[in-house]
Amino acid sequence: MKDFILKGNICYSKNKKEINTLENSYVICVDGKSKGVFSEIPDEYKKLTLIDYEDKLIIPGMVDMHIHAPQFAFRGMCMDLELMDWLNQYTFPEEEKYEDLVYAEKAYSIFAEALKNGATTRAVIFATRHRYATEVLMDLMEKSGLITYVGKVNMDREATEALEEDSALMSAYNTFGWINDINGKYKNTKPILTPRFIPCCTDQLMEELRQIQMTYGIPVQSHLSESPGEIDFVQFLRPDNLFYGDVYDEYDMFGKNDEENTEVKTVMAHCVWSTEEEVELMRENGVFIAHCPASNMNLSSGIAPIRKYIEKNMKIGLGSDVAGGHSDSIFRAITDAIQVSKMYWRYVDMESKPITFAEAFYMATIGGGEFFGKVGSFDEGFEFDAIVLDDENLVHPQELNLEERLERAVYLGLDLNGIKAKYAGGQKMW
Ligand code: GUN
Ligand code: FE
């Protein structure tokens with residue numbers, strides 16, 4: 001069913017700083033897209049099926065701009081190290097297991113089920129470097145009803161022997177094979193090119209990926225300026241580049257292909273320690289930033305200067321970064337983003353005002369949604385992703401307005417057991 005009307009208390013971002021809240025209103029979906037929110041049903045839509053969610057909240061689905069599916073298995077564990085040691089000691093050994101398709105199917109089924117049951121309707125996902133396990137994950141994501149980008153990871157150095165690909169050429173060969181295998185197979189699941197990060201990718205591999213990107217025109221995801229140890233290592237490996245992001249840019253995987261003057265849709269996770277030059281190039285090239293506050297705390301990476309990115313009008317969304325982040329909840333990422341911005345203000349820069357709930361909510365919906373097109377709002381023309389929240393059990397003695405109810409639902413984690421219905425791309429998921 002792609003044409004219907006939902007009735008309830010509707011909340012969505014009006015702009016970056018304000019939330020629209022409409023009591024007892026109607027949001028209309030036709031052919032998978034919103035026709036807008038109305039206080040009365042316009043005559044032309046009166047014949048559509050109406051689903052009345054009564055006093056519940058109806059909000060856009062959450063967008064997770066950065067999550068590692070194979071790391072879901074060890075979320076909430078192994079949180080005692082910084083990035084590079086955490087990768088070597090915990091993450092790479094876990095990811096090695098995805099050579100085994102039986103393990104992959106088991107672990108990825110648990111991941112897909114969790115995402116299906118949560119508030120996330122769209123996600124940009126890292127798999128592992130294993131081609132066939134990545135296809136298993138894509139099959140499961142398609143079945144879940146979520147709308148996702150999934151990347152087979154590329155990595156040909158600086159990992160464990162079992163996890164490194166044999167050569168840049170083998171990595172490229174398997175990437176071609178993977179893209180061809182899944183070509184035309186899915187409606188909601190798309191491939192994304194995924195060089196893990198510069199420490200794990202030789203120059204030759206980056207050149208191969210540049211060619212693949214040009215051949216297929218697919219988007220790119222990676223990590224950038226996350227942790228001091230990582231950044232020092234990139235400087236050692238690539239002494240001639242001006243800054244970390246300059247390496248991705250050299251291989252035309254940083255928002256733009258300079259030679260052909262074409263857009264290369266790119267999302268970079270973290271950007272905690274980006275230099276002014278790096279920030280400027282991201283802004284110029286329209287690179288998306290996936291802000292992952294929980295991961296940045298757990299791995300002691302630092303606090304990303306999000307106020308600065310917002311004021312510069314950069315493209316920015318939120319990521320759970322499981323398992324650097326311990327939870328796949330984007331409600332949780334919203335509250336974490338607000339909280340770390342307060343610590344940044346207090347400890348780092350008192351000119352940098354903390355972000356507001358409305359700003360964080362915008363990042364979690366339209367901010368990340370833009371990576372998928374017109375996503376994250378109920379304004380006319382946006383693809384229809386929605387979740388219905390029942391906050392009845394969060395009893396309160398005082399009158400609350402809708403914005404207060406929404407904020408409370410997010411802070412108190414109502415996505416854990418308060419979601420009553422979920423829609424993605426105009427399809428009811430459950
Ligand atoms: N940098 C390279 N790989 C990873 C990863 O798996 N997680 C995080 N947080 N950073 C990375
Ligand atoms: Fe990550």
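Filter segment 395-415 down to residues that are of a type outside the set (D, E, K, R) and either touching a Gly at 6+ places or on another chain (Cβ under 8 Å) or within 24 Å of ILE5 (Cα to Cα) (or both) and give me whichever is surrounded by the fewest Cβ atoms within 10 Å (Cβ to Cβ). Only one residue tops the list, namely ASN401.
For segment 58-70, state whether one or more residues are within 16 Å of ligand 2 (Cβ to nearest atom), part of a helix (DSSP H, G or I) and modelled with pLDDT of 95 or more.
Checking segment 58-70: at least one residue is within 16 Å of ligand 2 (Cβ to nearest atom), part of a helix (DSSP H, G or I) and modelled with pLDDT of 95 or more.
Only one of (1) farther than 12 Å from ARG129 by Cβ; (2) in contact with a helix residue (DSSP H, G or I) (Cβ under 6 Å, 6 or more places away or on another chain) is not met by SER171, so which one is it? SER171 satisfies every listed condition except (1). Checking the stated criteria, PHE254 turns out to be modelled with pLDDT of 95 or more, more than 16 Å from ligand 2 (Cβ to nearest atom) and within 19 Å of MET214 (Cα to Cα). Looking only at segment 306-317, decide whether some residue is in contact with a Gly (Cβ under 6 Å, 6 or more places away or on another chain) and either under 25 Å from GLY76 (Cα atoms) or within 16 Å of ligand 1 (Cβ to nearest atom) (or both). Yes, that holds for at least one residue. Looking only at segment 339-377, which residues are outside any helix (DSSP H, G or I) and of a type outside the set (Val, Ile, Thr)? Result: ASP349, MET350, GLU351, SER352, LYS353, PRO354, GLY373, LYS374, GLY376, SER377.
Those strands (runs of 3 or more DSSP E) of segment 147-237 in which at least 1 residues are within 16 Å of ligand 2 (Cβ to nearest atom), considering only elements entirely within it, cover 147-151, 220-224.
Taken together, the criteria place ALA360 among residues that are under 19 Å from THR120 (Cβ atoms), crowded, with 22+ Cβ neighbours inside 10 Å, out of contact with any Pro (no Cβ under 6 Å at 6 or more places or on another chain) and aliphatic (A, V, I, L, M). Selection of segment 413-429 for residues being assigned to a loop (DSSP other than H, G, I, E, B), touching a residue at least 12 places away in the same chain (Cβ under 8 Å) and over 21 Å from the mean Cα position of the chain (by Cα) yields only GLY418. Go through segment 21-45 and count every residue that is assigned to a strand (DSSP E or B) and within 23 Å of the chain's Cα centre (by Cα). So the count comes out to 2. For segment 214-223, the criterion of being more than 16 Å from ligand 1 (Cβ to nearest atom), under 22 Å from MET282 (Cβ atoms), surrounded by fewer than 24 Cβ atoms within 10 Å (Cβ to Cβ) and over 22 Å from the mean Cα position of the chain (by Cα) is met by at least one residue.
Looking only at residues of segment 317-355 that are over 29 Å from ASN417 (Cα atoms) and among the basic types (Lys, Arg), we find that the one that is surrounded by the fewest Cβ atoms within 10 Å (Cβ to Cβ) is ARG346.
You will find that of LYS143, LYS187, the residue that is closer than 21 Å to GLY368 by Cβ and surrounded by fewer than 16 Cβ atoms within 10 Å (Cβ to Cβ) is LYS187 and no other.
The values are calculated or read from the model by the stated rules, or taken from the named source; none is laboratory data. Everything numeric in this text was worked out from a predicted model, so none of it was measured. Glycine also receives a Cβ, built like all others from the backbone with ideal geometry; neighbour counts cover every protein chain displayed.
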